[in-house]
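Visitor: Attaching a single structure in C-alpha cells format; questions to follow.
Derivation of every value follows stated rules applied to the coordinates shown; laboratory data play no part. These numbers were taken from a predicted model, which means no experiment stands behind them. A quick note on method: Cβ atoms are made from the backbone with ideal geometry, for glycine too, and the neighbour counts reach across all protein chains shown.
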Amino acid sequence: MGVQYEVTADGPLPDGWSWRLSTADLPHDAPFSVFAGVRREFCVAIGNGVILTIDGVPHRCGPQSITAFDGGSSVQASIIDGPTKDINLMVRNGSSPLHLSIHNPGDGFVGAKALVALGDGAMLTVNGQSVELSELDAVLNIGQSAIVITEGSVVSVR
C-alpha cells in the first residue's frame, strides 16, 4: 500500500540477504508486510509521524524516532496528519546485530554500514571530506571512516 525503495542489502534480493535497508513512501494508512524470522526497525524520516499498531498495541512513532519490532508481527500503520517518508532496517534472526541510530549536528562517530539523510538533508564530513546530502540521500560502504554531522540529521546503520 506504500512504495518501498531499496537502499542497500548485504546480498541479493529477494532472499539472499542477512540485512537490508530501504525507504518507503507512506501516503495513507496501510498494513505492513509480514517478514517472519526478521527483526525490523522503523524510523519516520519526513512527516508528522505514524501510529504503528503492533500485534494490537499502538506505538506512536514521531519524526526521527526509531521503533523496533518482530517482522512476524501483525503491523498496521496509521499516518498522523499527512504522508510520511520512512526508513526500514530488516535483519534476519541469527545474523550479526545491526541497529538504526539518529545523529544530529555535532555528533561524531566511527564506521557505519550506511547513512541516510533525514528531514531536509544533511551536511557531514567523512574522513575530513565534506559531503552534502538531500533528503533520503544515502552514503554507503563507509567502513571505519570518521564521520561528523555538521548540519541536519542522519540515521546510521551500525
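Visitor: Apply 1/(1 + (r/R0)^6) to the Cβ-Cβ distance of L13 and I102, taking R0 = 30 Å, and write down the FRET efficiency to the nearest 0.05.
Guide: Given R0 = 30 Å and the Cβ-Cβ separation, E is 0.70.
Visitor: Now, a different point. Distance between the C-alpha centers of the stretch 104-158 and the stretch 21-62? Whole Å please.
Guide: Cα centres, the stretch 104-158 to the stretch 21-62: 23 Å.
Visitor: Further, regarding this structure: Of [x] 21.1, 80; [y] 15.2, 47; [z] 16.7, 52, which is the value of Rg and Dmax of the Cα atoms in Å derived from the coordinates here?
Guide: The value matching this structure is [y].
Visitor: Rounded to whole Hz and in sequence order, give me ³J(HN,Hα) for the stretch 4-10 from the Karplus expression 6.51 cos²θ - 1.76 cosθ + 1.60, θ = phi - 60°, writing x for Gly and Pro.
Guide: With coefficients 6.51, -1.76 and 1.60, one gets 9, 10, 6, 9, 6, 8, 8 Hz.
Visitor: If you don't mind, another one. Just to confirm a number: summing +1 for Lys and Arg and -1 for Asp and Glu over residues other than E132 whose beta-carbon lies under 12 angstrom from that of E132, what do you get?
Guide: Local net charge: -4.
Visitor: Additional query: I need the calculated FRET efficiency for the pair S145 and S22, taking r as the beta carbon distance and R₀ as 22 Å, to the nearest 0.05.
Guide: Here the calculated transfer efficiency is 0.45.
Visitor: Using modelled amide H (1.01 Å from N, peptide plane; none on Pro or chain starts), what sits under 5 Å from the amide H of S153, excluding residues fewer than 5 places away?
Guide: L118, G121
Visitor: Classify the stretch 100-157: rounded, prolate or oblate, from the alpha-carbon gyration tensor (a ≥ b ≥ c, eigenvalue square roots; a/c under 1.5 rounded; otherwise prolate if a/b is larger than b/c)?
Guide: rounded
Visitor: So for the stretch 90-153, averaging the separation of alpha carbon pairs under 8 Å that are six or more residues apart and normalising by length, what relative contact order in percent results?
Guide: 43 percent
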